[in-house]
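Worksheet: the structure to be examined is printed underneath.
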């Protein structure tokens with residue numbers, strides 16, 4: 001089974017009228033003001049999954065500041081999950097810093113969503129205020145025993161839209177503060193898995209942390225797969241394409257270049273996600 005654990009989908013109104021949703025949404029404007037930045041709905045995702053032989057996908061919208069937009073997007077995700085069952089697994093998404101964020105995520109979890117994410121702090125990084133904002137969301141997800149996906153990125157290197165000012169210390173402090181939560185760090189967690197080489201503390205702090213591969217072909221050499229598996233463990237890596245950013249085949253090619261065994265590819269491409277989301281592989 002192949003499970004893509006990182007896909008964005010949007011309702012037709014947002015896809016067709018994106019500029020109407022940019023007011024007071026600087027992060028959405030940053031990522032999608034360029035008309036070449038694709039927005040797709042569920043049917044196009046399913047078509048791409050069929051072409052790429054992807055069996056199931058974890059889907060979510062965007063961390064909207066507007067609760068109205070968040071509800072619109074989350075409702076669409078829930079409708080898509082029901083329509084294409086069992087191929088799509090939904091996660092609730094909203095800006096965790098807005099008033100009512102936890103209530104919106106609770107609403108979605110009560111209706112069958114399987115987690116929260118991709119939550120992001122595009123302007124601030126994951127600073128103390130961000131951690132405080134995450135607190136009620138993390139408590140809720142721990143109560144429901146569902147994972148939370150957090151947008152992270154490498155704190156060095158070239159700049160690009162969506163690269164936040166997060167630091168490795170911020171990422172680590174988040175994992176430490178919410179050690180009871182199962183956390184997916186998107187985009188390889190900014191490379192924080194390297195510090196599992198330390199003899200003290202880090203392995204315990206990152207015990208419930210997973211790392212997805214989203215956008216990897218744009219950011220890292222294929223050797224990242226071997227390093228992550230050797231340092232974090234093969235059970236902690238989740239294939240995520242960030243669709244529609246990149247097709248799944250780009251990731252499969254890089255896994256082959258990295259020399260992953262068939263057992264390792266099976267774990268990364270589906271078995272780990274199936275276990276995390278409580279699916280029958």
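The values are calculated or read from the model by the stated rules, or taken from the named source; none is laboratory data. This is a predicted model, so every value here is computed, not measured. Glycine gets a Cβ as well: all are built from the backbone with ideal geometry, and neighbour counts include every protein chain shown.
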The listed residue being touching a strand residue (DSSP E or B) at 6+ places or on another chain (Cβ under 9 Å), closer than 19 Å to residue 31 by Cα and either assigned to a strand (DSSP E or B) or at pLDDT below 95 (or both), out of 59, 94: 59
Could you tell me whether the range 235-248 includes any residue that is without any contact (Cβ under 8 Å) to a residue 12 or more places away in the chain, within 29 Å of residue 173 (Cα to Cα) and not in a strand (DSSP E or B)? no
The lone exception for residue 156 - which of (1) in contact (Cβ under 8 Å) with a residue 12 or more places away in the chain; (2) on the phi < 0 side of the Ramachandran plot it fails: (1)
Across the range 35-54, what is the total count of residues that are under 27 Å from residue 252 (Cβ atoms) and either surrounded by fewer than 16 Cβ atoms within 10 Å (Cβ to Cβ) or modelled with pLDDT under 95 (or both)? 9
Of the residues in the range 16-28, those that are under 18 Å from residue 67 (Cα atoms), assigned to a helix (DSSP H, G or I) and out of contact with any helix residue (DSSP H, G or I) (no Cβ under 7 Å at 6 or more places or on another chain) come to 19, 20, 26, 27
Checking residue 103 against (1) touching a residue at least 12 places away in the same chain (Cβ under 8 Å); (2) over 18 Å from the mean Cα position of the chain (by Cα); (3) assigned to a helix (DSSP H, G or I), which test does it fail? (1)
More than 18 Å from residue 238 (Cα to Cα), buried (at least 19 other Cβ atoms within 10 Å of the Cβ), over 16 Å from the mean Cα position of the chain (by Cα) and modelled with pLDDT of 95 or more: is that true of residue 157 in this structure? no
Confirm whether residue 175 is in a helix (DSSP H, G or I), at pLDDT 95 or above and closer than 24 Å to residue 87 by Cβ. no
At pLDDT below 95, part of a loop (DSSP other than H, G, I, E, B) and either closer than 17 Å to residue 31 by Cβ or more than 18 Å from the chain's Cα centre (by Cα) (or both), is that true of residue 162? yes
